[in-house]
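Shown next, in structure tokens, is the structure this report addresses.
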Amino acid sequence: MGTVCSGTEPSEKFVGVWTNKSNESLTIYPNGLIYYLKQWGGCRTRYKNCAARFDDDSFEFCCCVCCSLHGRLDYEVKSGPRLIVNGTVLTKEPVSSYMEK
């Protein structure tokens, strides 16, 4: 996809807040923008209001060679869909948990 991605609108299955309930979260908005936050050992990675490119079951965000996110939906678990982002498993938060904040 190159080093700078133009965004596309995601399908409804991507939209919402995804988290590992620990140190990583990803919010995907209906317009295709994302907010990503990962914190570890006093460090932080954050991408705010960045355009991502979506297809049927995956997405990609890139702003340069060293900074990218790659995600893939996984439906093969009974607990519901998972989004695997750069190797980390994220689960979707219920709408009520993030709409009330």
Quick test of your reading of the structure: Asn20 fulfils all but one of (1) modelled with pLDDT under 95; (2) open to solvent by 40 Å² or more (accessible area, probe 1.4 Å); (3) of a type outside the set (A, V, I, L, M). Name the failing condition by number. (1)
Of all residues being open to solvent by less than 30 Å² (accessible area, probe 1.4 Å) and of a type in the set (Gly, Ala, Ser) in the range 59-101, which is modelled with the highest pLDDT? Just the residue, please. Gly71
Here the residues within the range 23-55 that are assigned to a strand (DSSP E or B), open to solvent by 40 Å² or more (accessible area, probe 1.4 Å) and more than 16 Å from Leu73 (Cβ to Cβ) are Leu33, Tyr35, Lys38, Gln39, Trp40, Cys43, Arg44, Arg46, Lys48, Asn49
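The values are calculated or read from the model by the stated rules, or taken from the named source; none is laboratory data. As the structure is a computational prediction, the values presented were derived from the model and not from experiment. Here the Cβ is made from the backbone with ideal geometry for all residues, glycine too, and neighbour counts use every protein chain on show. Accessible surface is based on the protein model in full, side chains and every heavy atom, while ligands, DNA and RNA are left aside. Shrake-Rupley method; radii C 1.70, N 1.55, O 1.52, S 1.80 Å.
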